[in-house]
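Report on the structure given below.
The values are calculated or read from the model by the stated rules, or taken from the named source; none is laboratory data. The structure presented is a predicted model; accordingly, all values stated were derived computationally and were not measured. All Cβ positions, glycine included, derive from the backbone under ideal geometry; neighbour counts span all protein chains shown. The accessibility values were calculated without ligands, DNA or RNA, using every heavy atom of the protein model including side chains. Shrake-Rupley method; radii C 1.70, N 1.55, O 1.52, S 1.80 Å.
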Amino acid sequence: MEKKAVRVAYGEALVKLGEQNDKVVVLDADLAAATMTNAFKKAYPDRFYDCGIAEANMVDMAAGMSTMGLIPFCSTFAVFAGRNYDQIRNGVCYPKFNVKFGFSHAGITLGEDGGSHQAIEDLALMRVLPGMTVFVPSDANECYQCVEAAAKIEGPVYIRTARLASPVYDPRPFTVGKGTVIRDGKDCVIFTCGIMLEHTLAAVDILAQKGIDAALVSFHTLKPFDEELAREYTAKCRKVFTVEEHSIIGGLGDTVASAIIGHGVESFMKIGINDEFGQSGKPADLLVEYGLTGAQIADKMMNNL
Amino acid sequence: MELQALEKKARAVRRNIITMTAKAGAGHPGGSLSCTDALVALYFEIMNVSPENEKDPQRDRFVLSKGHAAPALYGTLCERGYFGPEEFDRFRQLHGILQGHPDIKKCPGVDASTGSLGQGISIAVGMALGAKHTGNPCHVYTVIGDGESQEGLVWEASMAAAHYKLDNLTVILDHNGMQIDGTNDEVMSLGDIKAKALAFGYDVIEVKDGNDMQQVLDALRAPACPGKPRYILLNTLKGKGVSFMEGQVGWHGKAPNAEQAAQALKELED
């Protein structure tokens, strides 16, 4: 199966968007080669602004540029969602300015750079901000759709992307705020987001071999959240698992929990990063270390069914 | 507008500052009074703004980076006709358009929501860069505080302003020398702020008395230096115009009581 990092798709999507809309400008903070905005820089040098290693200033500059009718996309590492937070909150969200954030290298699959750089809290930070749309594309094709949708939304949008190359699935229908049923099932349901799709799919296959018919639902939009679909599958499957490459505090798991409480939940388990920081290592080794491979996910589920 | 008329406007704005902070029992009169003359000069003489062109993309922009001086901005916007003085009754009150700090979504004439220090100048830099990008001939003005200049973001923004050669940007420093916990030197010395501004690539004009309307006007009218952002260092007096507030740290974030307000208003009569 073809593999491509979601961040690479982000860079490609920006180039395409730049072709269609001359109001789109891209800002980066000396990471264009990593966030993949260098593709846009090459295609539209006069619409690319390097802000230097000054992420906070990048966000407020984007805020100011948006008041001139431009659609700025700010790009940096997801771990800097914390560093930029006051600017994202007060500079962009409070006045509801039309600024987009494409933040890459999220989660432990960032790998070797280690825990200082592995964002495990960005979704919690972003989803609490009033008016913020939060996207977590699960593969390259969904990332193209998220970027395209972001440009059409009037207001702040956060797009979380991963560094690691991951499978590219066939394009699926996309509606902002709607989840996607990947596999139907009746015995239990996994809700997931981002590139954990690959590993939850593997878990579902392992469970199937053991005679367990698990449903799998992926959410490319964490906010606004598709509560209806989450409740529908909760009512149908009763036993609920969430899987995310993020802290189990404040991310997908808590989003799902808020949506389904009181809607027929028989059991509920959050699988993700257990209130700890990451560390250096190869992405594949880190997935094992933090229990996020398909086999480990399936094991945890079996033990809780 | 004639010099005397502008000075008269400045007194009216200062009365507005006293009126609204006294009524609310809260707000920041000291640093509002120190930057009043600059705001009056901008809104009545320098910028091409008016309530009629409020949505005109080519109007000049103003960002009050030291957002706690909101009473000075509100007092000026009211005199300029953006809203009536009845709004002062609801300053800092529930459902009021005059929030504790300027809010673009609520108050007419406000170009940026500010209050988190350091952010306004950075937003202003983005506006100036966006204006250049889109070929918009507008000029962007921002008033920053000296205490605010302790924020690293002020210097990130300054570096970017010089890098992108934003000669359509004027940064105005309201240098009254004081902040909440004491003088700048007691809290965190700014060192040679003029030398720092120069070193960051600004075209710097220092105004000896930043509360002297003619001196302020002269600085604001000075022709732009091509390829360089402008930095106007206004040496001002905290609490300017009200004898018992002048040069007093304690009036940074404290409202006058009824008796003090009456005395202040008397001193500010035409």
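General observations
- Value of relative contact order over segment A:232-305, rounded to a whole percent, pairs C-alpha under 8 Å and six or more apart: 32
- With contacts taken as Cα pairs under 8 Å at a separation of at least 6 residues, chain A carries a relative contact order of 18 percent.
- Listed residue pairs exceeding 28 Å between alpha carbons, taken from A:Lys42/B:Lys66; B:Lys66/B:Lys105; B:Lys23/B:Lys238; B:Lys105/B:Lys228: A:Lys42/B:Lys66; B:Lys105/B:Lys228
- Most mobile of A:Asp226, A:Asp86, A:Asp170 in a GNM of chain A (Cα contacts under 10 Å): A:Asp170
- Centroid-to-centroid separation of segment B:70-109 and segment A:77-127 [C-alpha atoms, Å]: 33
- The ellipsoid that matches the Cα gyration tensor of chain B has semi-axes, each √(5λ) in whole angstrom, of 27, 21, 17, with the longest given first.
- Listed values for segment B:4-20 are Karplus-derived 3J(HN,Hα) couplings in whole Hz (6.51 cos²θ - 1.76 cosθ + 1.60, θ = phi - 60°), namely 5, 5, 5, 5, 5, 4, 4, 5, 4, 5, 4, 5, 4, 4, 5, 4, 6, and x replaces Gly and Pro.
- Compared with its chain on its own, segment B:94-110 contains the following residues whose accessible area drops by 30 Å² or more in the full protein assembly (probe 1.4 Å; ligands, DNA and RNA excluded): B:Ile104, B:Lys105.
- For B:Leu233, residues with placed amide H under 5 Å, excluding near neighbours: B:Leu173, B:Ile205, B:Glu206, B:Val207
- Distances between placed amide hydrogens fall under 5 Å for B:Val63 paired with B:Tyr141, B:Thr142, B:Val143, all partners being 5 or more residues away or on another chain.
- Rule-of-thumb Rg ratio for segment A:227-268 [Cα; 2.2 N^0.38 Å; N residues]: 1.07
- Shown here: segment A:3-167, whose C-alpha atoms stretch 39, 32, 27 Å along the first, second and third principal axes, sorted largest to smallest.
- By a 1.4 Å probe calculation restricted to protein chains, B:Lys66 has an accessible surface near 10 Å², given to the nearest 10.
- Gyration tensor analysis over the Cα atoms of the protein assembly as shown returns equivalent ellipsoid semi-axes of 51, 25, 20 Å (largest first, whole Å).
- Volume per residue of the convex hull around the Cα atoms, evaluated for segment B:172-270, comes out as 105 Å³.
- Accessible area per residue was computed with a 1.4 Å probe on protein heavy atoms; A:Arg238 scores about 90 Å².
- Using a 1.4 angstrom probe on protein heavy atoms only, the contact between A and B buries about 2000 square angstrom of accessible area, both sides summed.
- Other residues whose C-beta falls under 10 angstrom from the C-beta of B:Ala72 contribute a net charge of 0, scoring Lys and Arg +1 and Asp and Glu -1.
- Dividing the mean sequence gap of close Cα pairs (under 8 Å, 6+ apart) by how many residues chain B holds gives a relative contact order of 25 percent.
- In segment A:166-266, GluC sites (Glu not before Pro) in a DSSP loop with at most 14 other beta-carbon atoms within 10 Å: A:Glu266
- Peptide A:18-30 is shielded by partner chain Cβ atoms: per residue, an average of 1 of them sit within 10 Å of its Cβ.
- Rounded to 5, the percent of DSSP beta bridges in the protein assembly as shown classed as antiparallel: 15
- Neighbour net charge for A:Asn274 - beta-carbon separation under 12 angstrom, K R +1, D E -1: -2
- Taking Lys and Arg as +1 and Asp and Glu as -1, the other residues whose beta-carbon sits under 11 Å from that of A:Val181 total +1.
- Taken about its Cα centre, segment A:82-199 carries a charge dipole of roughly 400 debye when the Cβ of each Lys and Arg holds +1 and the Cβ of each Asp and Glu holds -1.
- Annotation: extensible slack from A:Glu227 through A:Asp184 equals 13.8 nm (criterion: 0.36 nm per residue apart, minus Cα-Cα distance).
- Under the convention that each Lys and Arg Cβ holds +1 and each Asp and Glu Cβ holds -1, the size of the dipole of the protein assembly as shown around its Cα centre is about 780 debye.
- Set of lysines near A:Lys270 by C-alpha distance (under 30 Å), chain-local residues within fewer than 8 positions excluded: A:Lys3, A:Lys4, A:Lys100, A:Lys178, A:Lys186, A:Lys210, A:Lys223, A:Lys236, A:Lys239, A:Lys282, A:Lys300
- Antiparallel DSSP beta bridges within segment A:3-167, percent to nearest 5: 10
- The tail of the calculated P(r) for segment A:196-241, taken as Cα-Cα distances beyond 16 Å, holds 47 percent of the pairs.
- Looking at chain A alone, DSSP beta bridges between its own residues are antiparallel in about 20 percent of cases.
- Neighbouring partner chain Cβ atoms per residue of B:79-89, average, 10 Å criterion: 0
- Positions from segment A:64-81 whose accessible area shrinks by 50 Å² or more when the full protein complex is built, not the chain alone, probe 1.4 Å: A:Met68
- Accessible area per residue, Å², segment B:59-171 with all protein chains present, probe 1.4 Å: 28
- The protein assembly as shown - percent of accessible surface contributed by carbon and sulfur, probe 1.4 Å: 50
- Residues in segment B:128-158 that, when all protein chains are in place, have 50 Å² or more less accessible area than the chain alone would give (probe 1.4 Å): B:Leu129, B:His133, B:Glu156
- Computed with a 1.4 Å probe over protein heavy atoms only, the accessible surface of chain A comes to 36 Å² per residue.
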